[in-house]
Amino acid sequence: MHLTFRQVEAFLAVADTGSFTRAAEHLHLSPSAVSQLIAELEGALGYTVLDRNTRKVALSEAGRALMPSVDALSRQFALTKATALDIRNQAAGVVRVAAPLVVASVMLPRLMAEYRELRPKVTVRLVDCPVELLVEKVTSREVDLAVGPDRPVGSEVDRVVLYPSPWVVWCAPRHPFARKKSLTWKDLGSERLVAAGRDHEIHLSAIFRQLPSPLQVMPAQVVDNISSALGLAAAGLCYTISPAYVQAMALPLGLVMREITNPIVQREMSLFRSADRTLSPAASGFGEHIIASLSR
């Protein structure tokens, strides 16, 4: 038995209207095309579903028995069609996004709330992730997207630059650095430094090596999280260096920011996504929302 949904649509239209002509108008077909679809349906089923005479068309006994199942199929198809349209229009689906502490706690929740207003059927799931694992999460397909500071990527991951963020000093208002309008990299060796995380430690070491006169500024302590480094700095025990984008966590702690000049060194807040597979419409839509929002 081979049935098509077009045959089922024709059967429902004729049953609802009681007329091949009105059913044809509803389906945007000719009456002969509708008649042909009904004939094909009855041929596949092996019985008559519609009784016809010169005055009217009505369901046969077999047609009445079949109607509940056909009606349920029609409703399910309409639901499937609506879901397919939602997916095509980036209006439904699940998106997994990896982000490190600052991005996950400050930046992404706001973007997620904005996107829920635009696309209420899209579910965005936030995955906490160390900076050094962002690219790996995308490569392994554990997440659809990742947002964080620049990281090396291979051919399988695409990195989109969102905005540059200069490295700056964060210190307590009573710290000696707070009395300066700006600092140079040479100034940094005069006070105690706490570095945050392996990623920051590696980047700081690379920055120091690339300066015209290589500096040997050794951190007095290395902690895992930027929140710990900011807390130690807020207590006046040391200063810390990080990209300026951590200000949403630093300012509430009473920390002051001082630019580091000569030269100004920047990191790039970035979006990471797969370069070798097609994202779902929902993930693609949320990625474009991130790009549009953070690039501003």
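The values are calculated or read from the model by the stated rules, or taken from the named source; none is laboratory data. Values in this document were obtained by computation on a predicted structure and should not be read as measured data. Every residue, glycine as well, gets a Cβ built from its backbone with ideal geometry; the counts of neighbours run over all protein chains shown. The area values use the complete protein model at the heavy-atom level, side chains included, leaving out ligands, DNA and RNA. Shrake-Rupley method; radii C 1.70, N 1.55, O 1.52, S 1.80 Å.
Quick look at the numbers
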read-out: Count - residues of the stretch 137-148 that are in contact with a Lys or Arg (Cβ under 8 Å, 6 or more places away or on another chain) and open to solvent by 10 Å² or more (accessible area, probe 1.4 Å); value: 3
read-out: Near pairs, Cβ below 8 angstrom, 6+ apart or cross-chain, from the stretch 105-130 (more than 13 Å from Gly285 (Cα to Cα)) to any residue that is part of a strand (DSSP E or B) and not aliphatic (A, V, I, L, M); value: Arg125/Arg96; Val127/Arg96; Cys129/Gly148
read-out: Qualifying positions in the stretch 18-42 - out of contact with any strand residue (DSSP E or B) (no Cβ under 8 Å at 6 or more places or on another chain), open to solvent by 30 Å² or more (accessible area, probe 1.4 Å), part of a helix (DSSP H, G or I) and farther than 13 Å from Val8 by Cα; value: Thr21, Arg22, Glu25, His26, Pro31, Ser32, Ala33
read-out: The stretch 216-272 - residue that is part of a helix (DSSP H, G or I) and without any contact (Cβ under 8 Å) to a residue 60 or more places away in the chain and, of those, farthest from Val102 (Cα to Cα); value: Leu232
read-out: Flag if Ile290 is open to solvent by less than 20 Å² (accessible area, probe 1.4 Å), β-branched (Val, Ile, Thr), modelled with pLDDT of 90 or more and not in a loop (DSSP other than H, G, I, E, B); value: yes
read-out: Of all residues making up the stretch 59-93, the number that are at pLDDT 85 or above, open to solvent by less than 70 Å² (accessible area, probe 1.4 Å) and not small (Gly, Ala, Ser); value: 5
read-out: Residue in the stretch 129-146 that is under 21 Å from Arg296 (Cβ atoms) and assigned to a strand (DSSP E or B) present; value: yes
read-out: Residue among Trp185, Trp170 that is farther than 20 Å from Val97 by Cβ, at pLDDT below 90 and either open to solvent by less than 10 Å² (accessible area, probe 1.4 Å) or in contact with a Lys or Arg (Cβ under 6 Å, 6 or more places away or on another chain) (or both); value: Trp185
read-out: Search result, residues across the stretch 188-204 that are modelled with pLDDT under 85 and in contact with a helix residue (DSSP H, G or I) (Cβ under 8 Å, 6 or more places away or on another chain); value: Gly197, Arg198, Asp199, His200
read-out: Selected residue [open to solvent by less than 70 Å² (accessible area, probe 1.4 Å) and either at pLDDT 90 or above or within 21 Å of His203 (Cβ to Cβ) (or both)] from Arg96, Arg116, Arg151, Arg125; value: Arg151
read-out: Any pair with Cβ under 8 angstrom, 6 or more apart, that starts in the stretch 21-50 at a residue that is among the aromatic types (Phe, Trp, Tyr) and ends at one that is in a helix (DSSP H, G or I); value: Tyr47/Ala62
read-out: Residue under evaluation Glu61, criteria (1) touching a Ser or Thr at 6+ places or on another chain (Cβ under 8 Å); (2) of a type in the set (Asp, Glu); (3) closer than 30 Å to Val14 by Cβ, criterion not met; value: (1)
read-out: Flag for Val161 being in contact with a strand residue (DSSP E or B) (Cβ under 7 Å, 6 or more places away or on another chain), part of a strand (DSSP E or B) and either aromatic (Phe, Trp, Tyr) or open to solvent by 60 Å² or more (accessible area, probe 1.4 Å) (or both); value: yes
